[in-house]
Amino acid sequence: MDPILIHLIKIVGVVGVLLFICAYIVLAERRICAFIQDRLGPNRVGIPLWIRKDGSAIQIGARWALGQPIIDALKAIFKEDFVPGHVNKFYFWLGPMLVMAPALMVWAAIPFGSTLCGVPMIIADVNVGILLVFALASLGVYGIVLGGWASNSKYPFLGGIRGSAQLISYELCLGLSVIPLFMQVGSLRLTEVVRWQTEHLWLVCYPWNWLPAIIYVASSFAETNRAPFDLPEAEQELAGGYNTEYSSMKFAMFFLAEYANMITASALMVVLFLGGWHLPFVPVSGGIAVGVAHICIFLAKVCALALVFIWVRWTVPRVRYDQLMGLGWKVFLPLALAGVLITGLAIVAGWSPS
Amino acid sequence: MPDNLTTPTPAAEMVNATINGIKVQAPKGANIIEAGERVGVFVPHYCYHKKLAISGICRMCLVEVGGPMRGPDDKPVLNPDGTPKIAMAPRLSIGCNTPVTEGMVIVTNSPAVKQAQNAVMEFFLINHPLDCPICDQAGECKLQEYSVEFGKDASRFREEKVHKPKQVDLGPRVMLDDERCILCSRCIRFMRDVAKDDCLGFVNRGSHTTLACWPGKKLAGNYSLNTVDLCPVGALTDKDFRFKMRVWFLKETKSICTSCATGCNTVIWSRENVVYRQTPRENDAVNQCWMCDAGRHNYKHINAASRLKKALVSGKEMGYADALKQLGPKLKAALADRASVAFVGSGRATNEELYLFSILAKGGVSDCVPRTWDGDNFLVNADRNPNGAGAKIFGVAAQPMGSKLTVIADGIKAGRIKTLIVHQEDVNRRGIGADLLAKLSLLVVVDFRPTETTKAAHFVLPGVTYAEKRGTFTNANGRVQRVWPAVSLGGEERSDWEIFRDLLRETGQPDRFGDIAALFADMAANVKPFAGLSLEKIGGGGVQISVT
Amino acid sequence: MKIERKPLTLWERLYLPAIISGMMLTFSHLFRKKVTLRYPEEKPEMPPGYRGQPVLVKDDEGRVKCVACQLCEFVCPPRAIRIKPMAYPENAKYKKVEKTPEEFEIDMIRCIFCGYCEEVCPERAIFLRGPYSVTGLSRKDMVFNKEKLLELGGTLPDPIKKWRKK
């Protein structure tokens, strides 16, 4: 088959699955937050199969509101796209795109399976994988800053400033926390990281990786603007933050990008610490069935981790801005450096299997 | 003036007294209630009414009274500081029947007085039914008011109340509820002394005393409804107003009765542009506190469904401005030959309207319709036109009134008169029949209700009743009195003076009457009897002018 | 008053144990009984004395208790009530009551459910009771007339029978 066609199929597949998961993770978030608060959450809209003459519909999954993402999307599309008169139109439009695009682009370098029919289940297996991922992911902050600035309004502006400061601070910790992994694996290529984990244990199993793992998880909460670090969109303080002036589909882009980022962060966590598509007792290579199984394992791990993200959001209250900065610079940064040192000592001591 | 309308000439001699420590000067012979009113001390009372004979039976006005003490030598006893020593009477006195004397000391707020008021209220309420939810007096009931101010908060009476007849038909217009009656006898005294129709009295004894008509008599006189006004409770009610509306919803507008030339001062009670009743307003120079039943009930035409709310051009409904635009040139052309134009004004119109009408009618033949029936030597005047005097002052009416109506009829018959302008009169019933009206080339009628004349008219401009406009009337004695707008129909109708102002403007007269005040000022400047007057000076009580 | 703020211990300063115990708590809530009422299918049970829609009641003899005193019309803050009183016709069963409403209208768009009408009523004829879902498709629908208000109100036995003694 034409390799370009294969790439196209992979791109369409990845983006499709990603957006699908995004839509349903929103539903999951609403249901789980309701359950945590002893409510029911959305429980009305199923997927309509047939509409009877009297206007009622035969639908499936109404109890679980499986149709909710569909009508939410329809609502976002058909809502009036209101653009306030005082905004900077070009950057106002650019903002949501710049947020959404990097969230999707990151997936180019993430291995979401082993191989299927001899085709590696990664779109671009670049040798600087993790660097590319971080480089692209950090572009997302431009969207937030632009959106906040172009809105030409106080609260979004404050949200944008908070976003940029927070993302820059935590990117440092994020980067430092993964250095120990590559010291052990010896390659920046993400397929290589997964392969290493299939041959040895998952990286999270080694005690000296626990500290970097915790820092990585906490930093990725901050990177994705999720609670308890959702300062840029603190609705109580900033009336919604950087997306206050947005409506309709442009707001939905910001909204979806947050979830896309969350899934991306989960996927990276899975690849870096939790063995990627690997699961013990599942063969590392085999036919189509094994290839499909690997993809499913990967997606299951990503979804489970995304649920943890939601779980944390509805448990932990938002931190104060000075606490956020203090935590990033005064706690995580030294600890991440310490993690590098400890891993180095572990390698020198010969405890690491590489 | 009839003898039952004369007021006692105030005695020049004044006496000094003290009420609750406030010094008061009252004419000799005045009672304590009147003296208290002069300095704002209120003494509650039911049976006493300033225009009626004193009977002193309700005991509500009990007060403490004292005077300068006199020694055995009949010399004033003095305090050490030289002031006269005051001796208080051992028992309370009724305020209504105790004349104020020199040096009298009156106390109306002592514990003894309060206790007495409280006890009297309790007696009144023993047999009074709890009818307030259905009683028309509720809201203007003296029993309710005093109960709040002087009574107890709860009843101690546990026994069965005395039951008396309810819904007693006393006369064609008055309904009696004997249970509510507190036996003050105001109605009896009014009918005996003022209306000179002694038809009411008390029968039976003790708790079973009831008000009743004399055998073979009914409370049917033309002044019967004044007893309803006088009744301090809901025992006597007006059948016309019964269960129509609660009084607290009603807006009170000062007005005068336009049913005859007496011009009794009234209050129009209306809610949301509907008139519910008319009651007399005190004016000692005109009607004291009374009015006749016929005038009181003469308000139904104000909210009649048949009222004209749009202008009519050849029978077709039209907006006022459009009709005026069509009428203007025709009227101007017709008025060019004054000899061919006749005018029928109205003795029911206000002075201002008559003034404008007289300007319009200058040079043409004009008259008013006379209305003379029997007077009753009290409040009903033989002249039923409320402003016949005004019509004469402005020269709208001929001398005698109505003498030129035949001239107008003959003129139309002979073809000399081609244009007729009529204000508020149905000339069809006054000798100018439909056949004559049909001969006219232009018939303009200003009226508030459809008549045979409006049917024949080429142009009908919708006017209003006296309850919807500002203006003044001159009564038979030459007293100028104002009316105020109480209601509005909300259609295309206009105050009649506005219509005549517009007609004058359309016919090329200088437009100098912007509003009613400017119009009155113009009238005062040009018509001698009104010289020096203004609407403010006339106020609510009216002003006497010289008619001659 | 000054409240001493205790410095956090090292264990507390780690935060992680607190976060984990919090997450355990929220996790346990996932499986608790839910308080949500699925409204159109499940209707809430209104407590006694619930101040819902104003209604008119009849006594156990079937007499309209309202005597059209118009106090509710007077006291109504949004002026939602309109009453046209009338006298009972001759030979009517309750002629002795004398007065009754010919028309009694409550504009449910205007009504603010304050309950003043119930409080002021001297005849205990109007009550704010059960019905809480007041709907209509037009403004005219929302003006409830006497018949509708009586139907909603039903019968309320009257222990006093004030008018029987008249």
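The values are calculated or read from the model by the stated rules, or taken from the named source; none is laboratory data. What you see is a predicted model; the values in this text were computed from it and never measured. Here the Cβ positions follow ideal geometry from the backbone for every residue, glycine too, while neighbour counts run over all protein chains shown. Remember, those area values only see protein heavy atoms, side chains included, never the ligands or the DNA or RNA. Shrake-Rupley method; radii C 1.70, N 1.55, O 1.52, S 1.80 Å.
Taking GluC sites (Glu not before Pro) that fall in a DSSP loop and have at most 14 other Cβ atoms within 10 Å as cut points, what is the longest piece of chain B between them?
Numbers: sites that count: B:GLU13, B:GLU102, B:GLU159, B:GLU160, B:GLU272, B:GLU282.
The reported range is B:283-548.
Between A:ALA57 and residues 5 or more places away or on another chain, which pairs have amide H atoms under 5 Å apart, with H built 1.01 Å from N, and which residues are they?
Counting only residues 5 or more places away or on other chains, the set is A:ARG52.
Need the list of lysines near B:LYS28 for cross-linking: C-alpha distance under 25 angstrom, and skip anything on the same chain fewer than eight residues off.
B:LYS50, B:LYS51, B:LYS75, B:LYS85
Using alpha carbons only, how many degrees (0 to 90, rounded to 10) separate the axis of helix C:16-29 from the longest principal axis of chain C?
For C:16-29 against chain C, the angle is about 40 degrees.
Solvent-accessible area of A:VAL99, probe 1.4 Å, all protein chains present, reported in Å² to the nearest ten, please.
A:VAL99 exposes around 10 Å² with every protein chain in place.
Tell me the chymotrypsin sites (Phe, Trp or Tyr not before Pro) within the range B:28-83 that lie in a loop according to DSSP and have at most 16 other beta-carbon atoms within 10 Å.
Listed in order of number, the matching sites are B:PHE42.
Residue-wise, which Karplus ³J(HN,Hα) couplings in Hz belong to the range A:21-30, taking 6.51 cos²θ - 1.76 cosθ + 1.60, θ = phi - 60°, and x for glycine or proline?
These are the phi-based 3J(HN,Hα) values: 5, 3, 4, 7, 6, 5, 4, 4, 4, 5 Hz.
How far apart, in nanometres, would the label points at B:LYS50 and B:ASP322 be if each is projected 7 angstrom from Cα along the Cα-to-Cβ direction?
According to this spin-label approximation, the distance is 5.5 nm.
Compute, for A:HIS86, the solvent-accessible surface of its heavy atoms (probe 1.4 Å) with the complete set of protein chains present, and express it in square angstrom to the nearest 10.
90
Taking amide hydrogens as modeled 1.01 Å from N in the peptide plane, which residues meet the under 5 Å criterion relative to B:VAL24, leaving out close sequence neighbours?
Close amide H contacts, sequence-distant or interchain: B:ALA17, B:THR18, B:ILE19.
If each of C:ILE112 and B:LYS300 carries a label point 7 Å out from its Cα toward its Cβ, how far apart are those two points in nm?
4.1
Whole Å is fine, so just give me how far the alpha carbon centre of the range B:325-347 lies from that of the range B:501-519.
16
Rounded to the nearest 500, what is the 222 nm mean residue ellipticity of chain A from helices alone, with -39500 (n - 2.57) per DSSP H run of 4+ residues and division by all residues?
Helix contribution divided over all residues of chain A: -21000 deg cm²/dmol.
At a Förster radius of 45 Å, what calculated FRET efficiency corresponds to the Cβ-Cβ distance of A:ILE70 and A:VAL340, to the nearest 0.05?
Taking R0 as 45 Å, the efficiency between A:ILE70 and A:VAL340 is 0.45.
Stokes-Einstein at 10 °C, 1.306 mPa s, Kirkwood radius from Cα pairs: D for the range A:232-354 in µm² s⁻¹?
Estimated diffusion coefficient is 87 µm²/s.
What share of the DSSP beta bridges in the protein assembly as shown is antiparallel, in percent to the nearest 5? Can you show the working numbers first?
On the way: 71 of 92 bridges.
About 75 percent, rounded to the nearest 5.
Using 0.36 nm per residue, how much length does the chain from A:MET183 to A:GLN323 gain when fully extended, once their Cα-Cα distance is taken away?
My answer for the length gained is 47.3 nm.
Along the range B:244-260, what does the Karplus equation 6.51 cos²θ - 1.76 cosθ + 1.60 (θ = phi - 60°) give for ³J(HN,Hα), rounded to whole Hz, x for Gly and Pro?
These are the phi-based 3J(HN,Hα) values: 7, 7, 6, 5, 6, 7, 7, 8, 9, 10, 5, 7, 10, 6, 10, 8, 8 Hz.
Explain nothing, just compute: Karplus ³J(HN,Hα) = 6.51 cos²θ - 1.76 cosθ + 1.60, θ = phi - 60°, for every residue of the range A:49-65 in order, whole Hz, x for Gly and Pro.
In residue order, the calculated couplings are 9, 8, 9, 6, 5, 7, x, 6, 10, 8, 9, 10, x, 5, 5, 9, 6 Hz.
Using a 10 angstrom cutoff on alpha carbons, build the Gaussian network for chain A and name the most mobile of A:GLY16, A:GLY95, A:GLY55.
Of A:GLY16, A:GLY95, A:GLY55, the most mobile in the Gaussian network model is A:GLY55.
Over chain A, with a Gaussian network built from C-alpha contacts below 10 Å, which listed residue (A:ARG162, A:ARG30, A:ARG226) shows the highest mean-square fluctuation?
Evaluated over chain A, the most mobile residue of the options is A:ARG30.
By the gyration tensor of its Cα atoms, with a ≥ b ≥ c the square roots of the eigenvalues, what is the shape of the range B:14-109: rounded for a/c under 1.5, prolate for a/b over b/c, or oblate?
Prolate is the answer for the range B:14-109, as a/c is 1.5 or above and a/b outweighs b/c.
To the nearest 20 debye, what is the magnitude of the charge dipole of the protein assembly as shown about its Cα centre, counting +1 on the Cβ of each Lys and Arg and -1 on the Cβ of each Asp and Glu?
1600
If you filter the range A:53-120 for trypsin sites (Lys or Arg not before Pro), then keep DSSP loop positions with at most 14 other Cβ within 10 Å, what is left?
Those that pass, being in a loop and sparsely packed, are A:LYS53, A:ARG63, A:LYS79.
Of the candidates C:LYS33, C:LYS93, C:LYS43, which one comes out as most mobile in a Gaussian network treatment of chain C with C-alpha springs shorter than 10 Å?
Most flexible of the set in this elastic network: C:LYS33.
Please calculate how many Å² of accessible area chain B carries per residue, with a 1.4 Å probe and no DNA, RNA or ligand atoms counted.
So chain B comes to 43 Å² accessible per residue, rounded to a whole number.
Give, rounded to the nearest 20 debye, the magnitude of the charge dipole that the range B:131-244 has about its Cα centre when Lys and Arg contribute +1 at Cβ and Asp and Glu contribute -1 at Cβ.
320
Starting from the amide H of B:THR98, placed 1.01 Å from N in the peptide plane, find each other amide H under 5 Å away whose residue is 5 or more places distant or on another chain.
For B:THR98, the qualifying residues are B:ILE32.
Once label points are set 7 Å from the Cα along Cα→Cβ at both A:VAL17 and B:GLU282, what is their separation, rounded to one decimal in nm?
9.9
As an exercise, use a Förster radius of 51 Å and the Cβ-Cβ distance of C:LYS43 and C:LYS84 to find the FRET efficiency, rounded to the nearest 0.05. Write down the numbers at each step before the final one.
Working: r = 35 Å, r/R0 = 0.69.
E(calc), rounded to 0.05, equals 0.90.
Would you mind getting the accessible area per residue of chain A, heavy atoms of the protein chains only, 1.4 Å probe, in Å²?
On the way: 16100 Å² over 354 residues.
In whole numbers, chain A has 45 Å² accessible per residue.
Give the B-C buried accessible area in Å², both sides summed, 1.4 Å probe, nearest 100. If you can, show how the numbers build up before the last one.
Numbers: alone 24370 and 12700 Å², together 35390 Å².
In total, chains B and C hide about 1700 Å² from solvent.
Show that you can apply the helix-only estimate: for chain B, add -39,500 (n - 2.57) for every DSSP H stretch of four or more residues, divide by all residues, and state [θ] at 222 nm to the nearest 500.
So the calculated ellipticity at 222 nm is -6000 deg cm²/dmol.
Mind checking the angle between helix B:111-126 and chain B's longest principal axis? C-alpha axes, 0 to 90 degrees, to the nearest 10.
60
Can you give the FRET efficiency to the nearest 0.05 for A:ASP2 and C:LYS33, using r as the Cβ-Cβ distance and R₀ = 45 Å?
Efficiency, rounded to the nearest 0.05: 0.20.
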